[in-house]
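The values are calculated or read from the model by the stated rules, or taken from the named source; none is laboratory data. Quantities reported herein were computed from a predicted structural model and do not represent experimental measurements. Reconstructed Cβ throughout: ideal geometry from the backbone, glycine too, with neighbour counts over all protein chains shown. Each accessible area value is taken on the protein alone, full model and side chains, heavy atoms only, with ligands, DNA and RNA left out. Shrake-Rupley method; radii C 1.70, N 1.55, O 1.52, S 1.80 Å.
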Amino acid sequence: MKLAGKTCIVTGGASGIGRSSAIALAAEGASVTVTDLSIEEGEATARTIREAGGRAIFVSCDVSQDEQAKALVEATVSEFGSVDVLFNNAGINVMEGSVVDVSIENWRRTLAVNLDGIFFCSRHAIPEMRKAGGGRIINTASPGSFKGWAGNAAYLASKGAVMSLTRAMAMDHAKENILVNALVPGLIMTGIGHNFLDAQPDPDAVAKGANPLGRVGQPDDVAPLVVYMASDESRFSVGAPFFVDGGELAS
Ligand code: NAD
């Protein structure tokens, strides 16, 4: 039980990497606030945790709205008494093309969810972590934080900024024992992963060539790393990217 007595907030916990990680965090003894825009599926994640004997609540929240992020943290403290871990995982990829093709609305929405969401949730969670004497913040970045590809300008811009923000937050809060790091998943078969593949001219070839392992990842390939990053075992990692990408960025 690596996370006994800890409280974790998982944004985007209704599906994919967030859902799998919320279940894994709870299995290690954490109390988990699952949060998402998607109410039915988010409730289902929390129910799955409770049915397995864990502690979890669902709180509906659009992370791109500061007031909702504040209410999310308040609801967590009210239920579990603290916030020790914030997994800033909620994200979208509208796959709308180059800067010429992407609509202004989709550009702004992508940055609002993928970047502002981290800013809003973190600014309300950090004061609670200070009260607890420290904490962990895990921001979900992307291989696109480190390299480019065609047809995905808004998403790449947002994820590049996630990595920079992770370093900035890491520098600001390391001395408070609030350790901020980035999770870098490769191509993982979730809603976002499927949308990405479906937008490719030859999805099978892209899936097989995504990394040297020759296979796409599953959410359960990622969740154990999230548990490690949330736990005391990651105590010497600050502002670091944690790759779980099948070797995509090594190739
Ligand atoms: P997913 O679509 O299964 O999960 C994303 C979740 O975020 C969904 O449940 C969605 O409802 C939620 N969400 C979207 N907008 C929200 C908002 N405004 N407020 C709250 N919740 C919101 O996809 P996933 O792959 O599990 O995505 C998780 C994270 O992983 C994202 O940040 C994504 O960019 C990142 N990522 C995914 C891949 C991949 O290949 N799947 C690769 C690199 C990074």
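When SER164 is tested against (1) within 17 Å of the chain's Cα centre (by Cα); (2) within 29 Å of SER251 (Cβ to Cβ); (3) buried (at least 19 other Cβ atoms within 10 Å of the Cβ); (4) not hydrophobic (A, V, I, L, M, F, W, C), only condition (3) is not met. Of all the criteria given as (1) hydrophobic (A, V, I, L, M, F, W, C); (2) within 12 Å of the ligand (Cβ to nearest atom); (3) part of a helix (DSSP H, G or I), the one not satisfied by VAL184 is (3). Could you tell me which of the residues ALA250, ALA230 is under 25 Å from ALA161 (Cβ atoms), open to solvent by less than 20 Å² (accessible area, probe 1.4 Å) and in contact (Cβ under 8 Å) with a residue 12 or more places away in the chain? So the residue among ALA250, ALA230 that is under 25 Å from ALA161 (Cβ atoms), open to solvent by less than 20 Å² (accessible area, probe 1.4 Å) and in contact (Cβ under 8 Å) with a residue 12 or more places away in the chain is ALA230. In region 48-64, the residue that is nearest to ILE126 (Cα to Cα) out of those that are aliphatic (A, V, I, L, M) and within 13 Å of the ligand (Cβ to nearest atom) is VAL63.
Got at least one residue in region 143-152 being away from the ligand (no atom under 16 Å from the Cβ), outside any helix (DSSP H, G or I) and in contact with an Asp or Glu (Cβ under 7 Å, 6 or more places away or on another chain)? No, region 143-152 contains no residue that is away from the ligand (no atom under 16 Å from the Cβ), outside any helix (DSSP H, G or I) and in contact with an Asp or Glu (Cβ under 7 Å, 6 or more places away or on another chain). Can you spot a residue in region 65-85 that is within 14 Å of the ligand (Cβ to nearest atom), under 14 Å from the mean Cα position of the chain (by Cα) and not hydroxyl-bearing (Ser, Thr, Tyr)? No, the conditions are met nowhere in region 65-85.
Residue by residue, here is whether (1) open to solvent by 20 Å² or more (accessible area, probe 1.4 Å); (2) over 22 Å from GLU248 (Cβ atoms) holds:
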| residue | (1), (2) |
| --- | --- |
| GLU79 | yes, yes |
| SER103 | yes, yes |
| SER122 | no, yes |
| ILE126 | no, yes |
| ALA153 | yes, no |
| MET169 | no, yes |
| VAL180 | no, yes |
| ILE188 | no, no |
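If the condition is being more than 15 Å from VAL77 (Cα to Cα) and touching a residue at least 60 places away in the same chain (Cβ under 8 Å), then region 114-154 contributes GLY117, ARG136, ILE138, THR140, ALA141, PRO143, SER145, PHE146, LYS147, ALA154.
Which fully enclosed strands (runs of 3 or more DSSP E) of region 1-111 have 3 or more residues being touching a residue at least 60 places away in the same chain (Cβ under 8 Å)?
In region 1-111, the matching strands (runs of 3 or more DSSP E) lie at 7-11, 85-88.
Surrounded by 24 or more Cβ atoms within 10 Å (Cβ to Cβ), closer than 18 Å to ALA230 by Cβ and more than 8 Å from the ligand (Cβ to nearest atom): which single residue out of THR45, THR110, THR35 fits that description?
From the options THR45, THR110, THR35, the qualifying one is THR45.
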